2 protein chains.
Amino acid sequence: MSKRAAGGADKGPAIDLSTLSSRPIVIERVTPEIDHGRFAVKRCEGDTLTVGAAIFAEGHGALSAALLLRRAGETDWQEYPMASVNHGLALWEGSAPLPDIGRWDYTIEAWRDEWTSWRSDTGKKVDAGQEVSLELVEGRALVEAAQARAKGDDATYLKTVLKGFDADPAAAAQTTLLMSPELQGVMARWPDRTQAVRYDLVLPLVVDPERAAFAAWYEMFPRSQGTEPGRWGTFEDCIRRLPEVRAMGFDVLYFVPIHPIGTTHRKGKNNSLVAGPHEPGSPYAIGAPEGGHMAIHPELGTLEDFERLVRSANHMGMEVALDIAIQCSPDHPWITEHPEWFKFRPDGTIKYAENPPKKYQDIVNVEFFGPHQYELWEELRQVFEFWIGHGVTIFRVDNPHTKPVPFWEWVIRTTKDEHPYVQFLAEAFTRPPMMKMLAKVGYTQSYSYFTWRNRKHELQEYLTELTQAECVEYMRPNFFANTPDILPEFLQRGGRPAFMIRAVLAATLAGVYGIYNGFELCENDAVPGKEEYNNSEKYEFKVWDWDRPGHIKDLIAKLNHIRQDNPALRRFEALRFYECDSDDVLFYGKMTAERDNMVFVLCTTNPFDGRHVWMRFPLAEMGLEPDQAFEVEDLLTGDRHLWTGEWHHYYLNPQTNPAAVFRVVPWRAVDYRNPSL
Amino acid sequence: MSKRAAGGADKGPAIDLSTLSSRPIVIERVTPEIDHGRFAVKRCEGDTLTVGAAIFAEGHGALSAALLLRRAGETDWQEYPMASVNHGLALWEGSAPLPDIGRWDYTIEAWRDEWTSWRSDTGKKVDAGQEVSLELVEGRALVEAAQARAKGDDATYLKTVLKGFDADPAAAAQTTLLMSPELQGVMARWPDRTQAVRYDLVLPLVVDPERAAFAAWYEMFPRSQGTEPGRWGTFEDCIRRLPEVRAMGFDVLYFVPIHPIGTTHRKGKNNSLVAGPHEPGSPYAIGAPEGGHMAIHPELGTLEDFERLVRSANHMGMEVALDIAIQCSPDHPWITEHPEWFKFRPDGTIKYAENPPKKYQDIVNVEFFGPHQYELWEELRQVFEFWIGHGVTIFRVDNPHTKPVPFWEWVIRTTKDEHPYVQFLAEAFTRPPMMKMLAKVGYTQSYSYFTWRNRKHELQEYLTELTQAECVEYMRPNFFANTPDILPEFLQRGGRPAFMIRAVLAATLAGVYGIYNGFELCENDAVPGKEEYNNSEKYEFKVWDWDRPGHIKDLIAKLNHIRQDNPALRRFEALRFYECDSDDVLFYGKMTAERDNMVFVLCTTNPFDGRHVWMRFPLAEMGLEPDQAFEVEDLLTGDRHLWTGEWHHYYLNPQTNPAAVFRVVPWRAVDYRNPSL
């Protein structure tokens, strides 16, 4: 020991290790981690957060690691142990439960586990019959140091171990004492973490209510919920429709804009340039002398009526989503009260919205980076605050990709800091990187390309990306089967079977999905050659017969109740596609982590032709022996089967049963050589 | 315009946009970028750096972007234009030449291109016959603003445009003027970049000499280059061997440690525990009373002799690589002079190196994180400095994965800051993440798993990862075909054909590759059941007959000269595998970016059985018409063929021609309908 002092004091820190990019213990390849922690990972209340990382250091010494979790803004971390799951790739994993919504932070800490290293090395030497007397002295020193750190019973226990060690100098006795599993357990609780390495980043996490990832949406135009042609439906009419919507199993009731509508350049029926005197205009041409984004169109009712509608929906178990379109009719009060929020042309007018040569004469846009940017942003934030104050918990945002990304980050962040339960759905039918970026900066859910993915290979490829690529950590696609803007060709041409097919796919592929009213009636009257509805509700009143022949309300109700009853269907990320011998038919499944609920869906994508298909059940993934029987119930028909083996046959008739939703219950495996098991 | 003033002053920055994670223009998915810019991308002198990114903003306005490059430490950037290469994915790309070695920085800047937006929108309106008089006024304002920014001829030109615009008020004339391509060219040079967005990271880049990525290494034990059995070979003997080594086409001459060797616990022949009185010991047991890591074993010669050897090698066009093994024999001077750099056990001894239950009694390790860490690290850095001072330009580092990663980052960084041409090769036969991390923190080259990849599918999978995954940006594998520690089973059992096969694979798959002397003699005498050489040079003197029958020196020389003559073979990242109908035979190729040099290799992996094979040439990738003839020369035999079409046949006999190296020269495509072309 005296030799150690020989060199005198070190010349000091010529090397500041913190300026280096690497650390004595490497922690890297952390998953999930979005853009180096710049954006938050999303989870839901009740989920488990599982974090992986490559953790390693020089040499072969043992390491320990912990996952650290805390509410954003707090200083103390909660620790959860991590364990090595792949030695060759140095991968570790740890999990933490997420009990509550809001913003959270997580990171990783790792340290050298000197006791485990000692125990492993010494064990190998003992096994090889090598002399270990020096090792025993070194082991004792480690126990003594841990004893000094330990508290309570552990401290007492370690003291006893040291006494026992000193009492019997026989190597065999000391070895037995120090190698005991009990001691290993206690030593693991009192490591020397003075040289522990913390991962350089604190990673953000947003925990949302479960409905952020699992809900069925129903979209409507309140003004078309009435019963008299050519007249405004009202919030009162909407309330009358709630029981029917809830009976179909929907969780979210989504209203297109409910604000006063401008008269300047008002659009008429079928988007014509001139509106007749009694035509209502597009609800997206927001703002009139009666008010703008914080007002209600007088014909729909009052703010009190709206609140009553929200309360009625809530009482039935539904939340209300409101459409927010940041654009103004030329009659919006902001234009006269805050001209500084708009950009004027050399002739003193404001440019109307355009995508040259297309023109949207009934709306103008605000100027997000204008000279009064800060007041404008604050006013827009107040719009969200206003509707939250009147019971709205979800905002469906129109065309967010035409507004600046930082605005969304700011408005969503500040709104959710106050109201962490609030959700934002981005209607961004745009290029994939922008769609993903809006999800990264905070959107709870995202519209998707689902309506345009209709063939088997398209759906498999798209869903595999959505569920298996990194975006699954932050982007939750909301699979709308139709929208007021999109009546896809598949529905136009495929008729009722097409509606049934798309309902099954939306409800079972996605976590969140939605329909726009009329879908349940298989409404498919289109403007020829376009995806637009003919006589669209966007430009006129409608009166619907909600029970008209050919509707598929029963199927939709059944699907929504199947979703409620089967926890596997809540797991979007668990979706996997399996083999099936038809290019028209999809076969896919979801299971709970414990495999106590397993649902498989067989669904045709051909609305015209019947298909005999063979599908292959993934027995190993299902935890089944190759010869183990399993019960299969088609939840849409109630038919039950008892099957064994991988491949099974089914017949799908698009008119009657375009799909089957199988719940699988394994029968107990019996080992016939040992039947008592 | 007066309306703009109506709102008074903005209430000010309630929103600090710089605290947000997103920017008004998104720049993301930048490639190459290692761990968010934490570690440097590697390139070689004369390379082009091509940088990609997703760049987009809200709406459909035009953007512009530039790649910015500068020497590390400088403040001014050199700009290179970026262009959109994939609109759907918003991908942009730009390239910059890299004229010089050293550290560089790069990043990206993007800005809104108002003129291009105006020009595109206005053009569409004109084409649709819409009225554009207001647009013309707005366009003029943009030209006027650009004129104020412009300098020189461009300023004059823009002034002329404005005059012309004002002189003729006819819309048609003004439109023609403003839409002119000349004006577009000038406007593009004077954009308004006051709101430009800079990518948040400055990304590091290391530019090495070309030999860092393309060189052939020859490894030797200087003491075994003599001619008298049982006697030390000397540097003088090494000098005598230089012409032969250079004639084989090698670029780097690599010496195992040349330092004094300890006597305590010296290992004898075949790693025996006790050495006889005349046995030389392992050169890796470094240090004796004569000196340590900065001394030369007296039997090899003097420091002057060493310098002469280095100069001789340099004169022939070879660089010298020296082995650095940070470990000490128990007789190393550091132990008495700096006991504070070692960890002593309770009995006052230093633990010798071990991997329980294996023991390495002839060496002890330094304590990297001991109380005198800083002095130790500095002393180790001086070791590198010392040998650089005596002509060494490359260090092959022994077992770097058992030393702390931050030490390597620091020592390589500080050494290369002074001597940017110096290279470090990591001998880290360890887990993939550590191997990659050592490359990330600065190692110029890395040993690889090549010796253990012998079958077709293994090689294809491994090389595809090395050349196509992210690691290609920072890790340069050095494919040693054998080492003093590794005589792989394939060479032990496969005999001369196996050596020929592995020579072809190493030389044509990798950029840098090497052999340890004896390989060219097909030396395959192994310790039974191990990968160790029998009577290894590590523990004794050898005298080799460098012309002994069965050697493959001609093949090696031919391969090295083929490498020199064909620029395609310098492009490790360009390696692609192609179809071939045998599971034993690899077919792969490399081309220059301009496709003016194309080399394809057909190589068996079966040292015993001849193979008739059909290989498929990738005509489209080669820029050939389906019916275009191409000349194929087998550079190993000189045979020439004139082929047309994809599939061609060859026969490989492992005894005589286990491989073919084809240089392909397309014959001019003739259009018979238009023969003048």
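In table form, for the structure just shown:
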{"item": "Test: residue in the stretch A:122-137 that is within 11 Å of chain B (Cβ to nearest Cβ), surrounded by 15 or more Cβ atoms within 10 Å (Cβ to Cβ) and of a type in the set (S, T, Y)", "result": "yes"}
{"item": "Test: residue in the stretch A:138-150 that is more than 10 Å from chain B (Cβ to nearest Cβ), buried (at least 19 other Cβ atoms within 10 Å of the Cβ) and not in a helix (DSSP H, G or I)", "result": "yes"}
{"item": "Extreme residue, surrounded by the fewest Cβ atoms within 10 Å (Cβ to Cβ), among residues of the stretch A:408-429 that are within 15 Å of B:G59 (Cα to Cα) and more than 9 Å from every other protein chain (Cβ to nearest Cβ)", "result": "A:F429"}
{"item": "Residue among B:V392, B:V364, B:V397 that alone is touching a residue at least 12 places away in the same chain (Cβ under 8 Å), aliphatic (A, V, I, L, M) and either within 10 Å of another protein chain (Cβ to nearest Cβ) or within 13 Å of B:C328 (Cβ to Cβ) (or both)", "result": "B:V364"}
{"item": "Among residues of the stretch B:287-316, those that are aliphatic (A, V, I, L, M) and assigned to a helix (DSSP H, G or I), counted", "result": "4"}
{"item": "Selection within the stretch A:367-389 - in contact (Cβ under 8 Å) with a residue 40 or more places away in the chain and either of a type in the set (K, R) or in contact with a Phe, Trp or Tyr (Cβ under 7 Å, 6 or more places away or on another chain) (or both)", "result": "A:F384"}
{"item": "Of all residues making up the stretch A:234-272, the number that are among the β-branched types (V, I, T) and within 21 Å of A:R308 (Cα to Cα)", "result": "6"}
{"item": "Every residue from the stretch B:345-356 that is in contact with a helix residue (DSSP H, G or I) (Cβ under 6 Å, 6 or more places away or on another chain) and either surrounded by 17 or more Cβ atoms within 10 Å (Cβ to Cβ) or more than 8 Å from chain A (Cβ to nearest Cβ) (or both)", "result": "B:P356"}
{"item": "Restricting the stretch A:437-468 to residues that are crowded, with 20+ Cβ neighbours inside 10 Å and within 14 Å of chain B (Cβ to nearest Cβ), the residue that is nearest to A:V256 (Cα to Cα)", "result": "A:Y443"}
{"item": "Exclusive hit being over 27 Å from A:T444 (Cα atoms), in contact (Cβ under 8 Å) with a residue 12 or more places away in the chain, within 14 Å of chain B (Cβ to nearest Cβ) and β-branched (V, I, T), set A:V202, A:V186, A:V197", "result": "A:V197"}
{"item": "Extreme residue, surrounded by the most Cβ atoms within 10 Å (Cβ to Cβ), among residues of the stretch A:165-188 that are within 12 Å of A:V132 (Cβ to Cβ) and of a type in the set (G, A, S)", "result": "A:A171"}
{"item": "Subset of the stretch A:592-614 (residues that are assigned to a strand (DSSP E or B) and either in contact with a Pro (Cβ under 8 Å, 6 or more places away or on another chain) or buried (at least 22 other Cβ atoms within 10 Å of the Cβ) (or both))", "result": "A:M598, A:V599, A:F600, A:V601, A:L602, A:C603, A:T604"}
{"item": "Members of the stretch B:569-587 found to be under 21 Å from B:F214 (Cα atoms) and surrounded by fewer than 22 Cβ atoms within 10 Å (Cβ to Cβ), listed by number", "result": "B:R570, B:R571, B:F572, B:E573, B:A574, B:R576, B:F577"}
{"item": "Residues satisfying the stated conditions in the stretch A:45-59, i.e. touching a residue at least 40 places away in the same chain (Cβ under 8 Å) and not hydrophobic (A, V, I, L, M, F, W, C)", "result": "A:E45, A:G46, A:D47, A:T48, A:T50, A:G52"}
{"item": "The stretch B:319-370, residues that are under 37 Å from the mean Cα position of the chain (by Cα) and under 19 Å from A:L142 (Cβ atoms)", "result": "B:E354, B:P356, B:E367, B:F369, B:G370"}
{"item": "Test for A:V405: is it facing another protein chain (nearest Cβ under 9 Å) and aliphatic (A, V, I, L, M)", "result": "yes"}
{"item": "Selection within the stretch A:533-551 - out of contact with any Lys or Arg (no Cβ under 7 Å at 6 or more places or on another chain) and crowded, with 17+ Cβ neighbours inside 10 Å", "result": "A:Y533, A:S536, A:E537, A:K538, A:K542, A:W544, A:H551"}
{"item": "Enumeration of residues in the stretch B:73-91 that are within 14 Å of chain A (Cβ to nearest Cβ) and out of contact with any helix residue (DSSP H, G or I) (no Cβ under 8 Å at 6 or more places or on another chain)", "result": "B:S84, B:V85, B:N86, B:H87, B:L91"}
{"item": "Among residues of the stretch B:92-121, those that are surrounded by fewer than 19 Cβ atoms within 10 Å (Cβ to Cβ), free of Cβ contacts under 8 Å to residues at least 60 places away in the same chain and away from chain A (no Cβ under 14 Å), counted", "result": "4"}
{"item": "Residue in the stretch A:64-86 that is touching a strand residue (DSSP E or B) at 6+ places or on another chain (Cβ under 7 Å), under 30 Å from B:E379 (Cβ atoms) and at pLDDT 95 or above present", "result": "no"}
{"item": "Among residues of the stretch B:566-577, those that are under 16 Å from B:A660 (Cβ atoms) and without any contact (Cβ under 8 Å) to a residue 40 or more places away in the chain, counted", "result": "1"}
{"item": "Residues located in the stretch A:17-54, provided they are closer than 15 Å to B:M434 by Cβ and at the interface with chain B (Cβ under 9 Å from one of its Cβ atoms)", "result": "A:S22, A:R23, A:P24, A:I25, A:V26, A:E28, A:R29, A:A54"}
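The values are calculated or read from the model by the stated rules, or taken from the named source; none is laboratory data. This one's a predicted model, so the numbers in the text were calculated from it and none came from an experiment. Cβ: placed from backbone, ideal geometry, glycine included. Neighbour counts: every protein chain shown.
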